[in-house]
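Accompanying notes for the structure given below.
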Amino acid sequence: MEVVERQLDAYLERAQPSQTPLAADAPLSTSGSLDVQRAVALFEDQVLSRAVDVMARELKRQNQGYYTISSAGHEQNAVVGALLAATDPCFLHYRSGAFMMSRLRQLGGSTPAFDTLLGMVAAVDDPTSGGRHKVWGSRAAWVPPQTSTIASHLPKAVGTAFALSRARRLHLPTNLPQGAIVACSFGDASANHATALAGINAARYSARKGNPTPVLFVCEDNGIGISVDTPKGWIQDTYGTLRHLHYFDARGDLAEVWETVRLAVITCRTAHAPVFLRLETVRLWGHAGTDLETGYRSLEEIEAVEARDPILANARFLVERGAAHPAALRALVQSARERVQAMAEEVVKRPKLRSRQHVVAPLAPHDPETVRREAARRVSDEVRRASFGANLPEAMKKRTFAAQLNAALWDALLARPNVLLFGEDVGKKGGVYGLTMGLAKRFGAARVFDTLLDETTILGVAQGAGHLGLLPVPEIQYLAYIHNALDQLRGEACSLSFFSNGQFQNPMVVRIAGLAYQKGFGGHFHNDDSVGALRDIPGLALCVGSRGDRAVKLFRAALAMAQAHGRVVAFLEPIALYHEKDLHSAGDNGWLSEYPPADEILMPGDVCVDHPDASDLLIVSYANGLRLALRAAKRLEAETGARARVLDLCWLNPLPSEAIAQHAAACGRVLVVDECRATAGGVADAIVAELAERGPAGLLLSSVRAADSYVPLGPAADLVLVQEEQILEAAKGLLARTQSAVVNL
């Protein structure tokens with residue numbers, strides 16, 4: 001670090017000023033688009049970013065700073081920051097210091113260096129994350145923060161670009177000007193990641209389909225990923241000749257870089273199409289403060305990289321062109337270092353996060369009254385009759401889960417013009433199981449549409465739409481498929497509010513067809529019986545319907561939570577119950593239901609209880625397990641006379657712990673029936689632990705869970721899934737136990 005700093009200082013000390021100094025408005029290139037004043041401003045932004053990077057290492061040495069991934073060597077990205085408008089949404093790579101300095105220069109009164117240092121010391125006053133992480137972000141400058149290190153932000157950047165045109169097509173406000181584009185930056189190593197490939201592929205696919213998708217991919221190519229070299233020319237070879245993707249290569253002196261970036265931005269803005277911009281950079285000082293470069297690079301290689309320092313090159317360029325006097329540049333460098341030193345002395349005094357409650361506050365905001373008011377939104381019955389036809393859904397006879405949820409989706413699209421419904425096969429086909437039948441025809445392809453077959457893209461589009469004020473309802477065709485794209489929820493969508501301290505939100509309700517019991521058909525990929533990966537995601541709300549009426553009430557609440565608080569909600573739909581009619585015997589129609597009144601919803605904490613007056617045993621379950629439990633409860637009463645109260649959880653995250661404890665206290669014995677895998681696949685472990693630790697004293701607890709196995713094809717599926725007979729035997733066993741044996745898992 002000191003070598004690079006001395007190298008710049010030495011040059012500015014010995015450099016001779018040009019004999020033909022230029023005026024402030026004089027052009028530095030034949031195009032005339034970069035003048036002296038702008039070029040010097042870029043240099044100032046770059047040295048300010050560099051001074052912050054130096055201070056990050058010093059703060060770490062003092063044990064007062066916690067982030068040392070620097071932007072050193074990537075400072076030419078300041079050109080991109082200067083040429084984009086402050087109203088162009090940007091999703092940034094972690095080496096974007098100079099970019100942020102130049103972008104925030106466009107906003108009067110901004111303090112980007114000070115804000116960055118606040119983030120590095122994890123101060124509560126950090127205006128981006130509130131001390132939760134060092135991230136690049138700004139509400140005023142339209143830079144949503146993220147911690148994407150493997151280009152996992154590319155799909156949502158593409159989604160935002162797609163949503164821009166979709167919102168305009170629907171005449172919905174976005175608070176962005178007509179010519180706005182979306183930019184995202186990433187490294188050459190990250191360009192190889194599956195998520196990056198998915199994002200770029202989706203942009204090209206969208207352009208090929210004729211959809212305006214103005215996204216600028218900025219690949220900052222420094223030739224190395226931590227310690228692994230990127231083959232020379234790899235980025236150009238990979239992306240330089242792809243159809244439906246304009247390609248630009250920004251390299252050379254500052255004026256040449258400026259001109260190439262300017263043309264890339266203009267192309268994206270005027271063609272409304274994806275553009276790939278390779279920005280040549282170098283990486284100084286290793287990957288981060290803990291990275292010892294001499295372990296994988298020779299001293300000669302390190303020196304060769306240091307000789308390509310872009311700030312040193314820009315200083316030479318400005319002096320030799322007569323754009324700046326060496327003494328003036330020396331003063332800029334010294335001023336930047338002194339200002340950053342003074343800032344550092346101040347930020348270390350600022351308070352840190354001091355309570356768990358404060359840390360998690362932005363994760364899962366929830367105000368029940370606000371959600372209830374939002375859920376009540378509905379158009380008049382006259383409008384509904386004109387849309388639904390002769391009969392409103394509430395006037396019809398009892399119907400299946402699929403029919404009632406279709407009506408709920410219809411109502412949502414009617415009442416909320418910002419709702420988009422999309423996924424694989426949801427449009428013309430109406431969904432694999434008919435859940436979206438008729439919706440595309442009624443509401444049009446702009447609101448109900450098919451996507452390419454890629455869950456990462458589906459969730460990327462959802463995030464982009466949510467960023468722009470739309471209310472996306474993406475469909476994941478099968479629960480097993482969401483694992484292909486889980487980080488789009490875990491690392492991106494659900495972390496946004498946390499890392500932005502609630503300033504940015506990407507609301508969505510993710511419909512997921514899943515769970516098992518499809519009579520042996522489909523095997524694992526159509527019968528995935530584990531929700532553990534979803535329950536593991538901080539801030540993600542997860543609900544699951546059983547009967548149609550309950551599913552409608554849950555969907556209303558989920559949609560209102562997303563709209564009112566920007567929440568990400570996973571709405572799990574049990575495939576085996578979509579078209580089920582009967583409960584106990586063929587023809588009894590016991591699983592059909594009526595369409596619930598408009599004011600009825602099921603919010604987090606709410607449960608549904610069958611046989612509420614029973615008190616011999618409490619059975620806790622959900623979805624297919626609930627139906628099996630009700631059947632077992634009827635047999636239990638017939639065979640033993642004991643009556644079981646059956647509780648439908650409805651919400652798997654957060655679990656309705658208070659309601660469970662209340663009903664458990666009334667019954668004394670609790671059997672948890674969990675249709676998901678035994679080990680961390682469902683909720684049984686959490687419920688039993690909660691009741692054992694904080695439930696009423698003296699409870700007798702037991703559980704029935706599926707085997708830790710993938711679901712096989714055919715009748716063998718019944719060997720690993722929870723069966724009615726198992727529930728009955730477990731209930732009998734629990735009734736026979738005494739208080740001396742408290743827990744039986």
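Structure above, values below:
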item: Net charge of Cβ neighbours under 13 Å - reference residue 730; Lys, Arg +1; Asp, Glu -1; result: +1
item: Rg and Dmax of region 608-744, Cα atoms only, in Å; result: 14.0, 43
item: Between region 558-619 and region 376-449, the alpha-carbon center distance in angstrom; result: 19 Å
item: Phi-based couplings in Hz for region 86-102 (Karplus 6.51, -1.76, 1.60; Gly and Pro marked x); result: 5, 9, 8, x, 10, 10, 10, 5, 6, 9, 10, x, 5, 4, 5, 4, 6
item: Dipole moment magnitude, nearest 20 debye, region 1-64 about Cα centre, only Lys, Arg, Asp, Glu C-beta charged; result: 220 debye
item: Normalised contact order of region 689-731, rounded percent, pairs of Cα under 8 Å and 6 or more residues apart; result: 36 percent
item: DSSP beta bridges in region 608-744 [antiparallel fraction, %, rounded to 5]; result: 15 percent
item: Protection proxy ranking of 97-105, 301-309 - average other beta-carbon atoms within 10 Å, highest first; result: 97-105, 301-309
item: Whole-number percent relative contact order across the chain, with pairs defined as alpha carbons under 8 Å at least 6 apart; result: 12 percent
item: Reachable aspartates and glutamates, given that their alpha-carbon falls under 17 Å from the alpha-carbon of residue 397 and they are not under 8 places away in the same chain; result: 549, 580, 582, 588, 594
item: Tilt relative to the chain, helix 657-667 - C-alpha long axis, 0 to 90 degrees, to 10; result: 20 degrees
item: Derived scalar couplings ³J(HN,Hα) [region 607-623; Karplus, 6.51 cos²θ - 1.76 cosθ + 1.60; whole Hz; x for Gly, Pro]; result: 9, 10, 10, 9, 6, x, 8, 6, 9, 6, 7, 9, 9, 10, 7, 6, 6
item: Amide H contacts of residue 652 (H built 1.01 Å from N, under 5 Å, at least 5 apart or other chain); result: 542, 543, 544
item: Residue among 281, 90, 206 farthest towards the positive dipole end of the chain, charges placed on Cβ; result: 206
item: Size descriptor, Kirkwood hydrodynamic radius, that averages inverse alpha-carbon separations across the chain, Å; result: 28.2 Å
item: Kirkwood-type radius of region 495-609, with distances r between different C-alpha atoms, in Å; result: 15.7 Å
item: Under-5 Å amide H pairs with residue 608, H placed in peptide plane, nonlocal only; result: 648
item: With 20 Å bins from 0: P(r) over region 2-358, alpha-carbon pairs, percent; result: 30, 59, 11, 0
item: Hull-based mean projected area of region 368-577, where the convex hull spans the alpha carbons, in square nanometres; result: 11.4 nm²
item: Net dipole in debye of region 368-577 [+1 Lys, Arg Cβ; -1 Asp, Glu Cβ; about Cα centre; nearest 20]; result: 920 debye
item: Within the chain, helix-based [θ] at 222 nm, where runs of 4 or more DSSP H residues each add -39,500 (n - 2.57), nearest 500; result: -12000 deg cm²/dmol
item: Antiparallel content of DSSP bridges confined to region 2-358, in %, to 5; result: 20 percent
item: Sorted peptide list for 256-262, 520-526, criterion being average Cβ within 10 angstrom, highest first; result: 256-262, 520-526
item: Residues residue 234 and residue 357, FRET efficiency given R0 of 35 Å [Cβ-Cβ distance, rounded to 0.05]; result: 0.15
item: Which of 597, 540, 482, positive extreme of dipole for the chain (C-beta unit charges); result: 597
item: Residue 582/residue 209 FRET efficiency (R0 41 Å; Cβ-Cβ; nearest 0.05); result: 0.40
item: Protection proxy ranking of 468-481, 218-231 - average other beta-carbon atoms within 10 Å, highest first; result: 468-481, 218-231
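Read-outs: derived from the displayed coordinates by stated rules, not from any lab. Please read all numbers here as calculations on a predicted model, not as lab measurements. All Cβ positions, even for glycine, are placed from backbone atoms using ideal geometry, and neighbour counts span all protein chains on display.
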